[in-house]
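Please read the structure below before turning to the comments.
The values are calculated or read from the model by the stated rules, or taken from the named source; none is laboratory data. Keep in mind that what you see is a predicted model, and the values were worked out from it rather than measured. Please note: Cβ atoms are built from the backbone with ideal geometry, for glycine as well, and neighbour counts cover all protein chains shown. Remember, those area values only see protein heavy atoms, side chains included, never the ligands or the DNA or RNA. Shrake-Rupley method; radii C 1.70, N 1.55, O 1.52, S 1.80 Å.
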Amino acid sequence: MAGSIKDRVAIIGMGCTRFGELWDKGPTDLVVDSVEEAYTDAGIEAKDIEALWGGSIFTAHGGRFFTEALRMQYIPATHVVNACASGQDAIRNAAYAVAAGIYDIVLAIGVEKIKDEGMSGLPGMDNRTHTHAVATMPGVFAIMATKYFHRYGLTPEEGKTMLAKISVKSHANGSLNPKAHLRNVLTIERVLNAPIIAWPLGLFDCCGVSDGGAAAILTSAERAKEFRKDPVYIKALQICGTPSSGRITTDYDYTHVEESYRAGAAAYREAGVTDPLKEISMAEVHDCFSITEAVTMEDLQFSPRGKVKDDIDAGTFELNGELPVQPDGGLKCFGHPIGASGIRMVYELYLQLQGRADKRQIKDPKLGLAHNLGHEPYAPLCSVCIVGL
Amino acid sequence: MTQPAPASPVYWRFNPEVFRLIGIKCNDCGHISYPRTKICHECGSLNLEEYKLAKKGTVHTYCVNWAPPPNFEPPITPVIVDLESGGRYQGLMTETATPEDVKVNSKVEMVLRKLTTDRGLNVYGYKFRLVEED
């Protein structure tokens, strides 16, 4: 590869709505509320934005949705559709345009008004015909849990307890966050006794279903300090596409996600990270289900293969642990308004790096990592973004 | 994602794949893929031939889904089956007394069943049932 994004682009303003069942808010409200917060944070006005990229799966249909909501006056606007990585890919495209020297100040937005779609959970996206319609999102991740338990010799009780600790940790963090949808504190017993959605996953192994919006304003590293004393610099932006190998070959093991591993490895190279567990201060990963977070800890090289249980038991990923994961509560507590999630993750890293995370503040963080996993674990598209001071 | 109606062309196009279990085998590297691909996943070759899969296999992994897709009654037991012929099939179990009868590495075989009814039409396809170990 010829180039790297490291330290070439900075985030100078961000905004994020409260996530939840926002019956009284429409798609336009979510866009405007998050972007207005970002303008104020950056100290700029709408007229300063030169181009925008907006991530959304269900809510937007073309860039017009965003310029119309924001009453943007005749600027370039692109709708980014890239599964659960749509928000991070909006940041990626916006950052590349700044790095290329085309624009000085650009906007990346993510939004989803899930509760207008009449769904109580995200639909399987792989159901072209009924013969393949065995897949719901909880179902396709549940089969990972079954195989992970089997491969590493965990009884269902041991495996489910390991996963329960992930959800208990995320809710403890989310309970401290006024913008989280689900703010209740859980116990392991309550998680284990919850109704089964797709065995072995129960209700509290699944993330919420929520509306939300988030936005980021980017400029060049050279100009960043004109806007604020503490801009957050982009260190790596990687996306890994998939040949969908797990669907068609018997080689895929259902206990890891190759695309997460490769996106992570590429991002570490780009950011110059050689020891992820030591160098990454905090991570927001794609915990659509508890098993996804468990496997992602191994794919991102935070835990050795098959050993994430040891780190979970040791409290490594808790807010006061060695590597806090989902400091804001994660998808578990924010739900997954698809286009918004990737930018919501970066919003938390941004606040943490600037020392503005209030009761969730991690001591002196240097580098934060955000990860998304789109589609199914056997055929996903994964993104990793690393930001730092 | 809205599914096409059961009588639509996509079902006719999928007939060889769905009912005759036609996958592909690469003439260059021997790799077997199911569902069919246009390009060999392993080596990138376009020199592929049709390859009929076996109806028996082994459960690679599974779950018990109490919140299935529309038109299915809970619980369903989706299984990922590695077929004896090579190739991997994603399907549903049938004829189990309880979902707990299914395990990783259970031996299974395909049987033709009605999968569901959609917009007044029956939809047929293969399901798996447990077979006794040899």
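Scanning residues 5 or more positions from A:MET282 or on other chains, those with amide H under 5 Å from its amide H are A:LEU367, A:LEU369, with H placed 1.01 Å from N in the peptide plane. Rounded to whole numbers, the Karplus 3J(HN,Hα) couplings from phi for region A:14-20 are 9, x, 7, 6, 5, 9, x Hz, using 6.51 cos²θ - 1.76 cosθ + 1.60 with θ = phi - 60°, and x at Gly and Pro.
Here the Karplus relation 6.51 cos²θ - 1.76 cosθ + 1.60, evaluated at θ = phi - 60°, turns the backbone of region A:241-258 into coupling constants of x, 10, x, 6, 5, x, 6, 10, 10, 8, 6, 5, 9, 6, 10, 8, 10, 4 Hz, with x for every Gly and Pro. Of all stretches in chain A that contain no trypsin sites (Lys or Arg not before Pro) in a DSSP loop with at most 12 other Cβ atoms within 10 Å, the longest one is A:72-228. In chain A, the DSSP-assigned H stretches of four residues or longer account for a calculated mean residue ellipticity at 222 nm of -10500 deg cm²/dmol, using -39500 (n - 2.57) per stretch and the full residue count as denominator.
The C-alpha atoms of chain A define a longest principal axis, and helix A:156-174 lies at about 30 degrees to it.
For region A:298-389, a Kirkwood radius taken over Cα pairs fed into Stokes-Einstein (10 °C, viscosity 1.306 mPa s) yields D = 112 µm²/s. Straight-line reach from B:LYS55: which aspartates and glutamates fall under 12 Å, measuring Cα to Cα and dropping same-chain residues less than 8 apart? Reachable aspartates and glutamates: B:ASP82, B:GLU84, B:GLU109.
At a probe of 1.4 Å, how much accessible area disappears from chains B and A on forming the pair, both sides counted, to the nearest 100 Å²? Spell out each step's value before the answer.
Values: alone 8540 and 15120 Å², together 20310 Å².
The buried area between B and A, both sides summed, comes to about 3300 Å².
Taking amide H atoms as placed 1.01 Å from N in the peptide plane, the amide H of B:HIS31 lies under 5 Å from those of B:CYS26, each 5 or more residues away in sequence or on another chain.
DSSP bridge analysis restricted to the protein assembly as shown gives an antiparallel fraction near 85%, rounded to the nearest 5. Qualifying GluC sites (Glu not before Pro) in region B:36-98, where qualification requires a DSSP coil assignment and no more than 12 other C-beta atoms within 10 Å, comprise B:GLU95.
Counting other Cβ atoms within 10 Å of each Cβ, which chymotrypsin sites (Phe, Trp or Tyr not before Pro) in region A:21-126 have at most 14 and sit in a DSSP loop?
Working: sites: A:TRP23, A:TYR39, A:TRP53, A:PHE58, A:PHE65, A:PHE66, A:TYR74, A:TYR96, A:TYR103; in loops: A:TRP23, A:PHE58, A:TYR74, A:TYR103.
Sites meeting the loop and neighbour criteria: A:TRP23, A:TYR74.
With a 10 Å cut-off around each Cβ of A:239-249, the average count of Cβ atoms from other chains is 4.
Anyone know which of A:LEU201, A:LEU22, A:LEU182 comes out most mobile in the 10 Å Cα GNM of chain A? In the Gaussian network model the winner is A:LEU22. By accessible area, using a 1.4 Å probe on protein heavy atoms only, chain A has 50% of its surface on carbon and sulfur. Residues whose amide H falls under 5 Å from that of A:CYS84, counting only those 5 or more places apart or on a different chain, are A:GLY374, A:HIS375, with hydrogens built in the peptide plane.
Within the listed set A:ASP33, A:ASP116, A:ASP364, the residue fluctuating most in the Gaussian network model of chain A (springs between alpha-carbon atoms under 10 angstrom) is A:ASP364. Counting only DSSP beta bridges whose two residues both lie in region B:9-130, roughly 95 percent are antiparallel. Measuring against 25 Å, Cα to Cα, the residue pairs A:LYS169/A:LYS225; A:LYS147/A:LYS179; A:LYS6/A:LYS359; A:LYS160/A:LYS363; A:LYS115/A:LYS235; B:LYS52/B:LYS127 contain A:LYS169/A:LYS225; A:LYS147/A:LYS179; A:LYS6/A:LYS359; A:LYS160/A:LYS363; A:LYS115/A:LYS235 as the ones spanning a longer distance. Note on the protein assembly as shown: Kirkwood hydrodynamic radius from all Cα pairs is 23.7 Å, rounded to one decimal.
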